[in-house]
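Trainee: Would you mind keeping the following structure in view while I ask a few things?
FYI, it's all coordinate maths here, none of it is from the lab. As the structure is a prediction and not an experimental result, all values here were calculated from the model. Here the Cβ positions follow ideal geometry from the backbone for every residue, glycine too, while neighbour counts run over all protein chains shown.
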Amino acid sequence: MEKRLTSWYSPSLAKEMPLAVYGHYGFALLMIPTASADYLEYERFQLIDAISPFINAGKVKVYSINSINNESWLNNNVDPHYKAMRHRQFNDYVFNEVVPFVRNDSSWETPIISSGASFGALHSANLFLKRPDLLNGCIAMSGVYDLTEYTKGYFDDDVYFNSPIHYMPNLSDHQILAQIRKSGHIHLVTGSGDHEDPEANRRFAGVLYGKNIWYELDIWGSEWRHDWPTWRAILPHYLGSRF
């Protein structure tokens, strides 16, 4: 498997941001880490190994980025307004820096599917739903889609517009809705075991249904916990059967 590490100083975040690339060809899978983890997390926990047959076959090329959750919603030492601002800057980093990097590294026609587990699932869904002109779908694993789960009671416009369970029911922009609807790749997948929240996924699926948006809701059994064995099973299953 080809692996390449790179980084650049991000104008959006005012810091160096590393990125790992796995593979040589295929559609782009943009991986957003869980919680407070980094761009090598999916490799350390063998998720990259689990999907390596698809990488080696040239079906998918993985771009794994850093999170800044420790500087935003998981940072308990700063004002909530700063957390919200940092989250907005993270979105800008993805849209204005990572997406062009992926396009230039592959082609401008290459589909980009966002994916992540846990907090990364919320990010992956939110990034796609905010900019379906740039991203082409998401595989969201074991997520909740209510950002207030992480904001400790804080709520402002930045929280609202990054919390899909809040803004999607009110989304009325016909162009954005049309772009979302044509995706064909909104996959909400979760287990039912310890620390999973299948009801959160059902609620969010209901919101998408109400907006006439195609989605796939897939709730696995109680033996599937909120943990790496679940995600190492989910992602290769979806790469193999849906793409």
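Trainee: If the elastic network links every pair of Cα atoms under 10 Å, which of P18, P198, P164 fluctuates the most in the Gaussian network model of the chain?
Mentor: Checking each option, the largest mean-square fluctuation is seen for P18.
Trainee: Contour minus end-to-end for D49 and Y82, with contour as 0.36 nm per residue of separation and end-to-end as the Cα-Cα distance? Can you show the working numbers first?
Mentor: Values: separation 33, 0.36 × 33 = 11.88 nm, distance 3.66 nm.
The D49-Y82 span can extend by a further 8.2 nm.
Trainee: Hey, another quick one. Please state the relative contact order of the chain as a whole percent: Cα pairs under 8 Å, 6+ residues apart?
Mentor: 17 percent
Trainee: Could you give each residue of segment 190-196 its phi-based ³J(HN,Hα) in whole Hz, using Karplus coefficients 6.51, -1.76, 1.60 with θ = phi - 60°, and x for Gly or Pro?
Mentor: Taking θ as phi minus 60°, the curve returns 8, x, 10, x, 4, 6, 8 Hz for segment 190-196.
Trainee: Expressed as a fraction of 2.2 N^0.38 Å, the rule-of-thumb size for a compact globular protein of N residues, what is the C-alpha radius of gyration of the chain?
Mentor: On the way: Rg = 16.7 Å, N = 243, 2.2 N^0.38 = 17.7 Å.
With N residues counted in the chain, Rg over 2.2 N^0.38 Å equals 0.94.
Trainee: Under the rule of at least 5 residues apart or a separate chain, name every residue whose amide H is placed under 5 Å from the amide H of K15.
Mentor: Amide H neighbours of K15: S10.
Trainee: Using the Karplus curve 6.51 cos²θ - 1.76 cosθ + 1.60 with θ = phi - 60°, work out ³J(HN,Hα) for each residue of segment 95-104 in order, rounded to whole Hz, and write x for Gly and Pro.
Mentor: Per-residue couplings from phi come out as 5, 9, 10, 5, 4, x, 4, 4, 4, 6 Hz.
Trainee: Moving on to the next point. Long-range amide H contacts for I186: which residues qualify at under 5 Å (H placed 1.01 Å from N, peptide plane, sequence gap of 5 or more or a different chain)?
Mentor: Correct list: C138, E216.
Trainee: Residue separation times 0.36 nm, minus the C-alpha to C-alpha distance between S192 and D133: what's the value?
Mentor: So the extension gain works out to 18.0 nm.
Trainee: Next question. How about K130: which lysines have a C-alpha closer than 18 Å to its C-alpha, ignoring those fewer than 8 places off in the same chain?
Mentor: K182, K211
Trainee: Pull up the cross-link candidates among the lysines for K61, meaning alpha carbon to alpha carbon under 18 Å and not fewer than 8 places away within one chain.
Mentor: Reachable lysines: K3.
Trainee: Let me ask something else about it. Starting from the Cα of K152, draw a straight line to each of the lysines and keep only those under 19 Å, dropping any in the same chain fewer than 8 residues away.
Mentor: K83
Trainee: Whose amide H sits under 5 Å from the amide H of K61, counting only residues 5 or more places off or on another chain, with H placed in the peptide plane?
Mentor: F27, A28, L29
Trainee: With θ set to phi - 60° and the Karplus curve 6.51 cos²θ - 1.76 cosθ + 1.60, what are the ³J(HN,Hα) couplings of segment 110-122 in order, to the nearest whole Hz, using x for Gly and Pro?
Mentor: So the J values, rounded to whole Hz, are 5, x, 10, 10, 8, 7, x, 10, 6, 4, x, 5, 4.
Trainee: Starting with the fewest neighbours, write out W224, W108, W231 ranked by other beta-carbon atoms found within 10 Å of each beta-carbon.
Mentor: Result, fewest neighbours first: W108, W224, W231.
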